[in-house]
Amino acid sequence: MAAKRASKVRRHAKKSVAKNKSIAKNKSIAKNKPVAKNKPVAKNKPVAKKKSVAKQAAPATGTILQTVSFEASPEVIFLALMDGEQQSEFTNSIANVQPRAGTKFNAWDGYIEGVVMELDEPRRIVQSWRASDFPQAHPSSRVQIDLSQSEDGGTTLELRHTGLPADMTEGYDQGWHQYYWTPLRAWLKTRST
């Protein structure tokens with residue numbers, strides 16, 4: 001009798017396992033919901049698996065903030081930066097830029113290129129800005145220059161350069177001084193004499 005009972009328990013256990021496997025395959029049945037007895041379980045139609053799209057991490061970026069003073073009016077500084085001839089003179093390199101929003105520009109013999117995005121003469125210059133040594137997949141950076149008249153009649157220039165490749169930020173921070181602000185000051189002195 002014990003053997004008969006053990007056999008019956010094993011058959012019941014096998015049926016329960018088979019039934020549970022069938023339920024587990026049916027994804028339309030939510031977990032922890034009771035299943036009605038004696039009802040056939042509907043077969044699922046094959047469902048296409050969603051392809052997982054790996055999100056690329058945004059490249060690490062850096063920001064430069066500088067405040068610089070010049071002994072010239074905002075109008076003079078604005079034109080020195082936005083007139084190709086004047087910029088070419090003070091940087092001693094080829095610059096093709098014009099004070100018109102929406103135009104492309106390049107500077108330093110093509111090392112820098114971008115688009116003049118916004119102008120508020122002589123107060124603001126906004127450009128997309130990309131150097132030839134940026135990593136290929138890195139997007140253009142953004143340069144915003146705000147010019148205001150200082151109490152002594154000169155100009156206070158505030159530079160905000162965002163979106164630079166992080167590992168290049170320090171070099172560009174020094175570059176603005178070395179290749180723009182220092183030669184611009186020297187050029188302004190030659191013009192005033």
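Things worth noting here:
- Complete set of residues in region 146-155 that are open to solvent by less than 20 Å² (accessible area, probe 1.4 Å) and out of contact with any helix residue (DSSP H, G or I) (no Cβ under 7 Å at 6 or more places or on another chain): G154
- Matching residues, region 126-144, being buried (at least 18 other Cβ atoms within 10 Å of the Cβ) and either small (G, A, S) or in contact with a helix residue (DSSP H, G or I) (Cβ under 7 Å, 6 or more places away or on another chain) (or both): A131, S141
- Restricting the first member to region 58-73 and to residues that are over 14 Å from G171 (Cα atoms) and in contact (Cβ under 8 Å) with a residue 60 or more places away in the chain, and the second to residues that are of a type in the set (D, E, K, R) and part of a loop (DSSP other than H, G, I, E, B), the beta-carbon pairs closer than 9 Å and six or more apart or on different chains are S69/D152; E71/D152.
- Looking across region 97-123, the residues that are open to solvent by less than 80 Å² (accessible area, probe 1.4 Å) and part of a strand (DSSP E or B) come down to F105, N106, A107, I112, G114, V115, V116, E118, L119, D120.
- Check on V126, of a type outside the set (G, A, S), at pLDDT 95 or above, more than 25 Å from the chain's Cα centre (by Cα) and in a strand (DSSP E or B): no
- Any hit, region 86-96, residues being open to solvent by less than 60 Å² (accessible area, probe 1.4 Å) and under 25 Å from the mean Cα position of the chain (by Cα): no
- Residue in region 174-181 that is modelled with pLDDT of 95 or more, part of a strand (DSSP E or B), open to solvent by 30 Å² or more (accessible area, probe 1.4 Å) and under 18 Å from Q86 (Cβ atoms) present: no
The values are calculated or read from the model by the stated rules, or taken from the named source; none is laboratory data. All figures in this text were calculated on a predicted structure; none of them were measured in a lab. Every residue, glycine as well, gets a Cβ built from its backbone with ideal geometry; the counts of neighbours run over all protein chains shown. Remember, those area values only see protein heavy atoms, side chains included, never the ligands or the DNA or RNA. Shrake-Rupley method; radii C 1.70, N 1.55, O 1.52, S 1.80 Å.
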